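Notes for the one structure printed next.
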Amino acid sequence: MTVQRPSTRLTWVASIGGLLSICVLVYDHFDRISPLAIGVAAATLLAVIVRLVHSSTKNHRLYDLTRHEETIDALTGLGNRRRLVADLEGRLEQSAPAPTLLLTFDLSGFKAYNDNFGHAAGDALLIRLGEKLATVAGPEGASYRLGGDELCLIAPVDEGDAEGLIERASTALAEQGEGFQIGSSFGGVLLPYEAA
């Protein structure tokens, strides 16, 4: 025996009720029936419409949530690779894009940290480092987790400010304590001048 979800059952009930209501209203056209039956049929159709609108609104919310979640790293809350690609395309499609620094980072010492302290501690470390990197990006920049221990940052820069941004980002991705030291290696490019 198959068990249907309540929303599926409600959809069937609403559909059957709507169909029966239409039949009653059509029948009334040929042979007059009680005004009470007409009222019940009209109320049923109204309830079906309300149900459809409610269902549609709920589906839109779920769609928006899904679209948001597919561009966000679940662990850190930073953008993911898909979000990075979309943001880069958006920046480069502008007629006169502002100089933007794109930095990719690979954490050093993270595997040993994970092995020594466990995955839960490793996840907590990634969250902390991601939060610090996000503050470096500023309001017009963005930070991303591309997977594992790979992080990325894009931020607009003025002439001569790139080195300061690189230093702040490297500092944000460094942490040390008893028995561990986390750092990062990075690569960077100035958009749109060094890459399109």
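Only Cα pairs under 8 Å and 6+ residues apart enter the sum, and on that basis the relative contact order of the chain stands at 22 percent.
Counting protein heavy atoms only, the stretch 137-196 has 47 percent of its accessible area on carbon and sulfur, 1.4 angstrom probe.
Can you tell which of 31, 115, 106 shows the greatest fluctuation in a Gaussian network model of the chain with Cα springs below 10 Å? The residue with the greatest mean-square fluctuation here is 31. Using a simple spin-label model with pseudo-atoms 7 Å out from Cα toward Cβ, residue 193 and residue 57 lie 5.2 nm apart.
Model label sites at residue 32 and residue 15, defined 7 Å from Cα along the beta-carbon direction, differ in position by 3.6 nm.
Using only the alpha-carbon atoms, how far is helix 119-137 inclined from the longest principal axis of the chain? Give it as 0 to 90 degrees, nearest 10. It is inclined by approximately 80 degrees. Helix 162-172 against the longest principal axis of the chain: what's the angle in degrees, Cα atoms only, rounded to the nearest 10? Value to nearest ten degrees: 80.
For the chain, the longest principal axis of the Cα atoms and the long axis of helix 35-69 meet at an angle of about 10 degrees.
Restricting to bridges with both residues inside the chain, how much of the DSSP beta-bridge set is antiparallel, in percent to the nearest 5? The answer is about 95 percent antiparallel.
Among 54, 119, 29, the largest mean-square fluctuation in a Gaussian network model of the chain (Cα springs under 10 Å) belongs to 29. Once backbone amide H atoms are built at 1.01 Å from N, residue 72 has 80 as its partners under 5 Å, excluding neighbours fewer than 5 places away on the same chain.
Shown here for the stretch 127-196: chymotrypsin sites (Phe, Trp or Tyr not before Pro) in loop regions (DSSP other than H, G, I, E, B) with at most 16 other Cβ atoms within 10 Å, namely 193.
GNM on the chain, alpha-carbon springs under 10 angstrom: the most fluctuating residue among 36, 92, 78 is 36. Between the entries (i) 85, 48, 24; (ii) 52, 41, 31; (iii) 45, 38, 29, the label attached to Cα extents along the principal axes in Å calculated for this structure is (i). Annotation note: GluC sites (Glu not before Pro) in the stretch 90-154 located in DSSP loop regions with a Cβ neighbour count of at most 12 within 10 Å are 140.
The values are calculated or read from the model by the stated rules, or taken from the named source; none is laboratory data. All values derive from a computational prediction rather than experimental measurement. Glycine also receives a Cβ, built like all others from the backbone with ideal geometry; neighbour counts cover every protein chain displayed. Areas reflect the complete protein model, heavy atoms only, side chains present, ligands, DNA and RNA absent. Shrake-Rupley method; radii C 1.70, N 1.55, O 1.52, S 1.80 Å.
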